[in-house]
Each structure stands twice: as C-alpha cells, then as structure tokens.
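Single-structure report; data block below.
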Amino acid sequence: MASVYSHLQTWLPAHGLTVELLGDSPIRRQVKQHGELMAQARSLRSWMSSCAAGAEVLPEIEVAGLLRQAALVYGESSDEKLAAMIAIAASAPAGDLVEIGALMGRTALVLLYLARRYHIGSLLTVDPWQAVHAIHHDSPANIGRLVDEWDYELLAEAFFVNLAPWSGNDHAHLRMPSVQAFAVYSDGLPIATRESVVVPFSRRIAILHVDGNHDHAAVKQDCELWVSRLLPGGWLILDDYQWAHGDGPRRVGNELLEACSQRIERAFVCGKAMFIKLGAEPAGEG
Ligand SMILES: C[S@@+](CC[C@H](N)C(=O)[O-])C[C@H]1O[C@@H](n2cnc3c(N)ncnc32)[C@H](O)[C@@H]1O
C-alpha cells in the first residue's frame, strides 16, 4: 500500500530503526511500469508501418493498451509479433479471422480487438486443449514433458475467463483439433458462442493465425486446409517460423513461399513468425 510505504519511509528513521524498505513504492513502481510500456509501444510503432502495407498504424495509446491487455494473459507471442499482427490487420480484407491454437487467449484477444477495430469480421478460435494433440513428436524430450504440466480443463476455463470481458456474438471457439474444425467451418455448419448464439462467419478468411501443434505434419495439414479458404489480400501468420525446438513451421513456410510465389503480395518475418499476404490465384489455377 502506497500510504504504508510512505509512512514507513519517515517513521523508520525517526525511531532509529535501520530497517531497509525493499523495492520502489507502489506509486513509483506504477510510474516506472507505465513509462516502460509507453517506451515499448513507441519503439514498436517506429517500424510497424513497414508491416502495414501502406495502411495507417493504430495510435501509440492503442498499441500500448493492447500490449498491456495481452501481457495479462499467459502466452507465447512476443510484443514484436503482436505489433506486427496489429500492423497487418489494417490492410486485411473483410472476412473471418481464424486462430488455430489458442492456449490461454493472448493472441485471440488481440485478434478480437482488431476484428472489431477494423470491422474485419468474426473470430473463430480452435483448440482441443488435450494433451494428445499438444505433444510435439519432432521436438526434444524436454519440450514434450511440458505437455504433462498443464491441466487441460483449467486451460480451457482460463481461456474463457481471459476472453470474458471481450465476449460478444462475433467470437466462437471450437474445442476440437483443427482438422475436425475445418470440416465444420468449410461445410458451413453453424458455429455458436458459449451462449448458443450462432456467429456469422463468411467462411472466407481475412487473417489466419496458424499456432497449433508445431510438428511438420501438423503445420502442413493446418496450412493445406485453412489456407485454401484465405481471401485474396488475406494474411497468413505462421507462428514460430524461427523456432529453437523444431523446423516444422519453417519447412512449411518455405514450401508455401515456393508454391504460392506468384501470389505473394508481401512476406516478412517478425517476432519469429512469418507473415504472408496472399493475392488472388493466377487465372487458370484453383
Ligand atoms: C503455442 S500454443 C498457442 C499460443 C497462443 N496462440 C497464444 O496466444 O499464446 C499451441 C496451442 O495449440 C494447441 N493445439 C495443439 N494441437 C492442435 C490442433 N490439432 N488443433 C488446434 N490446436 C491445437 C495446443 O492445445 C496449444 O494450446
């Protein structure tokens, strides 16, 4: 408590006590944290426009606000990756936003904010929250062991808690592996919120975030399925294109860059993720 800290600062020496108060006062800590947050937002914003494909980047206050909210949620996406996500959303066409691999919702809440901010469309998140799907067979054993540390029911609950203040009829979650979710999505089956309200999905994707299982076969399958639904001008975000624990996302990213070379409007790596903006398929294909 700030008042107790302040009182002790004068009371201790006045009573000849040589007790040292550890750390800054709560107020000074807030001032420092806020200063650091704004400095981070300013620094990220200095290069965000180079990701934005000519579109205007959100103001500093909004970037800082999003970083702050995202930081409250446990997750594996860095500020750099989030900043690039924020930047590319400004040039996304109207359509659905789809995230494969939601964990506790750090990137989902950023995507949901951006969906509304730019009137892009509804957000579909997909995650089975099940150990059997979370295992990375291509990675070293110490990464594999992390799977056993999670309580998957808690993970699911935490996701909905983290998203609760942002909930609306423009977000639905499918608790199933991405292959199953793709069948639901592409067959046009109704997809509803937790309150059973059917969410309007166009079944064409404006922003696709592939962040599920990182084994090569899994990433390849996710991309083969879901990229087929990407709108011309839509963005694919391929998480962990640069990854210390395996090369699945990098190999799939490189295969995609080659296969779609005629359609690539922009491609760059930021915060270890690959961002690709795909144009229309050349006439005569697909
Ligand atoms: C790296 S985490 C996602 C991080 C998250 N996007 C964030 O913001 O922190 C990977 C997630 O993928 C999920 N996952 C694993 N296999 C999956 C599959 N077949 N389909 C969808 N999600 C999957 C895991 O349950 C895990 O929550």
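Quick notes
- One equal scatterer on each Cα of the chain, no solvent, Debye formula: the resulting log10 I(q)/I(0) at q = 0.10, 0.11, 0.15 Å⁻¹ is -0.57, -0.67, -1.14.
- Residue of 139, 91, 196 that the Gaussian network model of the chain assigns the largest fluctuation, springs spanning Cα pairs under 10 Å: 196
- Solvent accessible area, Å² - residue 34, 1.4 Å probe, full protein context: 110
- At the residue level, residue 274 shows approximately 10 square angstrom of accessible surface with a 1.4 angstrom probe and all protein chains present.
- Within-14-Å neighbourhood charge of residue 43 [Cβ basis; K, R +1; D, E -1]: -2
- Calculated [θ] (222 nm, deg cm²/dmol) that DSSP helices of n ≥ 4 give over the chain, each run adding -39,500 (n - 2.57): -14000 deg cm²/dmol
- Of all DSSP beta bridges confined to the chain, the antiparallel ones make up roughly 40%.
- Rolling a 1.4 angstrom probe over the protein heavy atoms with all chains in place gives the chain an accessible area of 49 Å² per residue.
- Residue 264 sits with roughly 50 Å² accessible to a 1.4 Å probe, with DNA, RNA and ligands left out of the calculation.
- DSSP-assigned coil residues among GluC sites (Glu not before Pro) in segment 1-99, each with at most 10 further Cβ atoms within 10 Å: 20, 56
- Calculated translational diffusion coefficient of segment 7-122 (4 °C, 1.567 mPa s; Stokes-Einstein with Kirkwood radius over alpha-carbon pairs) equals 79 µm²/s.
The values are calculated or read from the model by the stated rules, or taken from the named source; none is laboratory data. Keep in mind that this is a model prediction, so the values were computed, not measured. Neighbour counts run over all protein chains shown; Cβ positions are idealised from the backbone, glycine included. Accessible surface areas use protein heavy atoms only, side chains included; no ligands, DNA or RNA. Shrake-Rupley method; radii C 1.70, N 1.55, O 1.52, S 1.80 Å.
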